[in-house]
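Data first, discussion second: the structure below is written as structure tokens.
The values are calculated or read from the model by the stated rules, or taken from the named source; none is laboratory data. For clarity, every value in this text was computed on a predicted model and none was experimentally measured. Methodologically, a virtual Cβ is constructed for each residue, glycine included, from the backbone with ideal geometry; neighbour enumeration extends over all protein chains shown. Heads up: the accessible areas ignore ligands, DNA and RNA and are worked out on the full protein's heavy atoms, side chains in. Shrake-Rupley method; radii C 1.70, N 1.55, O 1.52, S 1.80 Å.
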Amino acid sequence: MKNKTYVLNTLLAAALALTMLIFVLVDAFFPAVILPQMNIPNLAALVLLVLIAEYYIAPGADRCYICILLLSAVTFGLIPLAAGYISGMGAIKLAVVGGVLFTMITWLFSSITDRLSSGPKAHGAVWISALALWLATQCFTGIIL
């Protein structure tokens, strides 16, 4: 069996790099377009898309939550900084918020999905978990802001 421990972080880096590439191209060719901010609900949507993709690509992958926290913080800090989307202190803030958000949503998503999926035909648990967590982050953001 192949080692599937870092598939999640690789998918996060690919999705974030693709997002930043789209932002750079839109900013270069269509400067009048207002790009979305990197706020908690948008980051949560990106994280949940990565988790859904990881569920189908590498089912049953092992999780090292300390590694997930550190690698996702580095990913959220360096890729937007390299794309020119944010500057120095913004990169540190995005790294901390993105790393914690990614780790917490991964832990909650794994827990909810494991409890909801009760057989081989329970693929709807992934989508229900993702929708519930995205709505929960919307509510959480509304509470703290």
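The table below gives the values:
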| item | result |
| --- | --- |
| Filtered residues of the stretch 87-115 (kept if surrounded by fewer than 16 Cβ atoms within 10 Å (Cβ to Cβ) and over 17 Å from Trp134 (Cα atoms)) | Ser87, Gly88, Met89, Gly90, Ile92, Lys93, Val96, Asp114, Arg115 |
| Matching residues, the stretch 87-99, being modelled with pLDDT of 90 or more and either outside any helix (DSSP H, G or I) or touching a Leu at 6+ places or on another chain (Cβ under 7 Å) (or both) | Ala91, Gly98, Gly99 |
| Any chance Phe140 is out of contact with any strand residue (DSSP E or B) (no Cβ under 9 Å at 6 or more places or on another chain) and open to solvent by less than 40 Å² (accessible area, probe 1.4 Å) | no |
| Val47 vs. criteria closer than 16 Å to Thr103 by Cα and open to solvent by less than 40 Å² (accessible area, probe 1.4 Å) | yes |
| Test: residue in the stretch 29-38 that is surrounded by 14 or more Cβ atoms within 10 Å (Cβ to Cβ) and in contact (Cβ under 8 Å) with a residue 24 or more places away in the chain | yes |
| Members of the stretch 116-137 that are in contact with a helix residue (DSSP H, G or I) (Cβ under 6 Å, 6 or more places away or on another chain), at pLDDT below 90 and either open to solvent by 20 Å² or more (accessible area, probe 1.4 Å) or not in a helix (DSSP H, G or I) (or both) | Leu116, Ser117 |
| Selection count, the stretch 5-49, where residues are under 22 Å from Tyr65 (Cα atoms) and over 17 Å from the mean Cα position of the chain (by Cα) | 0 |
| Per-region count, the stretch 53-68, residues assigned to a helix (DSSP H, G or I) and surrounded by 16 or more Cβ atoms within 10 Å (Cβ to Cβ) | 4 |
| Enumeration of residues in the stretch 101-126 that are more than 20 Å from Arg63 (Cα to Cα) and in contact (Cβ under 8 Å) with a residue 60 or more places away in the chain | none |
| Residues being touching a residue at least 60 places away in the same chain (Cβ under 8 Å), in a loop (DSSP other than H, G, I, E, B) and open to solvent by less than 80 Å² (accessible area, probe 1.4 Å) - total across the stretch 1-28 | 1 |
